[in-house]
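A short worksheet on the structure shown next.
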Amino acid sequence: MDAGIFPTTLWSDVRRGGAVGKAREAALAALAQRYQAPAEAYLAAALRLPRERAHELFQEFFAWMLASDWLAKAAPERGRFRAFLKVALRNFATDELRKERAAKRGGGARTESLDGEDAPEVLDHATPTPDEALDAAWRAAVVEAAFERTRLALERSERGLAFAVFRDYYLAGGPEPDYRTLAARHGLTTTDVSNYLQRTKNAYREHLRALVLDTVANPSDLGDELAWLVTEERP
Amino acid sequence: MSAELPPEARARLLADARALVQPTLGNSVELLHGRYRLLRELGRGGMGVVYEAEDVALRRRVAVKRLALPAAVGPGLSEQVLREARAAARLDHPNIAAVYDAYADAIVMQFVDGQPLSDVARPPVRQLVAWIRDAARAVHHAHEHGIVHRDLKPHNLMVAGERVVVTDFGLAKELAVDTSLSLSGSVLGTPSYMPPEQAGGRAREVDARSDVYALGATLYDRLAGRPPFVEKDLVALLRAVVEDEPAPLRVIAPEVPRDLALVVHKCLEKEKPRRYASAAELADDLERWLDGRAVLAKAPSRRYRLAKGLRRHRTAVAAAVLLALVTFGAVVWNWTERAATAAIGETLDLVEDLNLKLDNARALGAGEGPSAMGEQLEQGIASARAFLARHPETFQVELKLGELLRESGQHQEALLAFERALAQYEDYAPALVQRGLLRAYLVGARRAAGESSAELEAMRALALADLAVAERRSHALREVDVRLARAESARLEDRPDEAQRLYRDVARIAPHLEAPPALAALALAQGDPDEAFRQAMSAVDLARGFAPAYVAASETADAPDTPEEAAARAIRQHQCSAAGDEATLTIDGIPGRFTDWAARLAEKKSTAGAYALRAIGEVRRAARLKAEDKTTEALAALDRAAEDIGHALTIDSELVPALCDRALVALERAQLCGGLGRTSDVREALNRAQDDLDRAAKLVSGSEQLRTARGLFSSRETELGLAR
């Protein structure tokens, strides 16, 4: 298929070369907004900042990304937005560290290597690396956004009961609630509960898939990214 | 954004998303055979995976037994599956899971909401006996219709309350048919519950009394808590089944009533005439036991036991087992441990994944350029090699490795992989065909380069010998491979007319394969450049990214100064330069010229492909205009593209890639209209996209291109749905 021809996902919109059009910036902004929390988690871990400071710094990061020619350089080898964002964040954080250290040393005359002692990864082995922090927050962000979209869609379609079952099933703490309990709580039969759940689960999965699709630029990456997303987090 | 979810909730949602990466459950938009939505995996066996599914047409739950791939993992599977369906569909019995539908790669069965007998912990003896009695009556019903189950075991009996349902007539072999599939038929089955005639590889001796044995073994298992024979490896197990007497049931489980134990041991007799003559007789005897009457089964006399001991000829028995193992050959490797099913499942998964990579590579060749194609192939080659390092004797994976290597141009390596597959499984028809096709290709290439030598002649003979397998073992091959083999043989034997006819056959049944390039080459050799060009274009059209198509297209450009030549060059240039984004930019910079060639072609109304090419030009133009924020012009270009694809579809209404492309054009239109706030246009465009995708889905299933288009559709619809 001529996947390369088509400006189809948000990320492929961003990736497409040529003049920086409004469409591209809009697509990037949409993606950045969706994945702001993971980006902030990265910055917080890399620069050992409190979350509020990372939150402020994110705006700088976004401006830096637009101003620098990162987008132009990003294109072909980065099939996934997550990978691209990590590289951009890493460079931005290195810049920040360098500025900070230069200020401490009382001058900015020395040139530092990007991968040298200033690289954020070597800060501490006990805490999660910035990459790990971003990945964990990313999983959470995708799942929550898909959950939220499911909720919105069900609300719009006025199938509130279906969502109530879905919410009770997923959001209850402790062990998984069984169908009979849910049926009793909502005055349904267990078959109803099973049907409701099946449909809402499918809808949730579709939303999740669509969200992930927007962060990749070709179909093979979609599979890999989905696989990464659902792979168990290892301690 | 919602408030943060609690960690358990997030874990549960993530776990639920896992279904998306099981390829078969991956896309709930996609329906298997346009009708079945796979819901969850119920179990895996040697032949495939069973899912709970929803029949969306009839809104009922069904069980779908799906082969990972027809004919790809071993000879004859899909034929066996269809045979199974034919057989089982004739059965109508309350205790037999009904078969609703059958496809080459899947069987749709009644969904039984219960649990397998194997999962019932310590069933009450009377209930257990009643279940086996009912199962025996159901099995007898099947026997009366000439069908032997051949794989009865606790796992295949589903119980719900007092009811039992026999499922998975997965190995049903119609008694009337002496099948050449008995090779695979004889090995499939579960040796622990298998009668000696089956374990000894004497497939012809399998009859109704073989099922009586398996029912007895099942009863033994559930009473004793283990099957009649337990050995640590397959060879020892098969030998024990053939040679040893099972441990007396009451030695292992003294609480089992004596009469019941007699019934079980009568089923487990090595010699068929000493078992119950039918499953109905077994059912009757179980009934007697339940009623508290005397059973017909008797303890064997001392004299018989002595005689049996003398009669046994240990050497002969051992030889029979060995022979059976040789016959089982290829399938033995994955049986060796209890991990057997895992290994089979893993192999099936990998083979499916590698096939996907092969398809992707071809599909991506045009879109993302040769580098993306190479990436797919490299990934596939790497995962095949990694798997082979762990399981070196996996001929199916060797075969796929060979195909991947061939596709990536590493012909010698590919030949070696085929050799390894064949060293493990001498007569593995799919590997023979692949080796033959590759040898034939190499002979053709060297001949075209002007070579003529004794060595080439020898290679040609070897190719022909390989390809002859298509005649001998056609049942074990995909139809398209059989036809390709015949066509290549005709070409090698210098019968171009016949080769042409055979290749047309191939093109008819599998339009995405190598037929059009071969036809183009044949037409060129016969001095028919118009036909050559037509074929080359249809090759490009059907398999963009498939290298031979472009080679064929460029080779047809012998006559100078024709639009054909120009188009062939343009296509070649497109192919060669699509290696990266920079190159894509270059292409975006030349749509004028590109479209120009295509337009001249379209004037000649030569093929659907010409229109499709012009449409691509328009789509590129639209993409550029969109990037420059010239929305109105971009919309106009999209409309022209849609119109051209429409022309292409008028010529060939079943051009799936064109349908998908038009759906994508409509999606793009929807997005642009959404940006302009033209809501009704958005809706109309989405409807059009939906229509085309539905049409495409009726024509093919499992096309990666279609799957992607649908994924994009759902993504766009969600985005735009919020604005609707």
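Table for the structure above
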read-out	value
Segment B:Arg35-B:Asp113, length gained on full extension (0.36 nm per residue, minus Cα span)	26.0 nm
Segment B:Asp497-B:Glu719, extension gain: residue separation times 0.36 nm, minus the distance between their alpha carbons	74.5 nm
Among the listed pairs A:Lys201/B:Lys153; A:Lys86/B:Lys626; B:Lys400/B:Lys698; B:Lys65/B:Lys698; A:Lys201/B:Lys65, those beyond 25 Å (Cα-Cα)	A:Lys201/B:Lys153; A:Lys86/B:Lys626; B:Lys400/B:Lys698
For B:Val164, distant residues with modelled amide H under 5 Å away	none
Cα gyration tensor of the range A:134-229 - equivalent ellipsoid semi-axes, whole Å, descending	28, 14, 11
Förster radius 25 Å - calculated FRET efficiency between B:Glu271 and B:Arg226, Cβ distance, rounded to 0.05	0.55
Sequence-distant residues sharing a close amide H with B:Tyr103 (under 5 Å, placed H)	B:Val108
In sequence order, calculated HN-Hα J values of the range B:669-685 (Karplus, 6.51, -1.76, 1.60; Hz; x Gly/Pro)	4, 4, 5, 5, 5, x, x, 8, x, 8, 4, 5, 5, 4, 4, 4, 5
Qualifying GluC sites (Glu not before Pro) in the range B:399-479, DSSP loop, other Cβ atoms within 10 Å at most 13	B:Glu426, B:Glu451
FRET E, pair A:Ala136, B:Ala454, Förster distance 56 Å, beta-carbon r, rounded to 0.05	0.25
Cβ neighbours within 10 Å from other chains - mean over B:707-715	6
Using a Förster distance of 45 Å, the FRET efficiency for B:Ala465-B:Asp101 (Cβ separation, nearest 0.05)	0.65
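All of the numbers you see were taken from the coordinates with simple rules; none came from a lab. Just so it is clear, the model here is predicted, and its values are computed rather than measured. Glycine also receives a Cβ, built like all others from the backbone with ideal geometry; neighbour counts cover every protein chain displayed.
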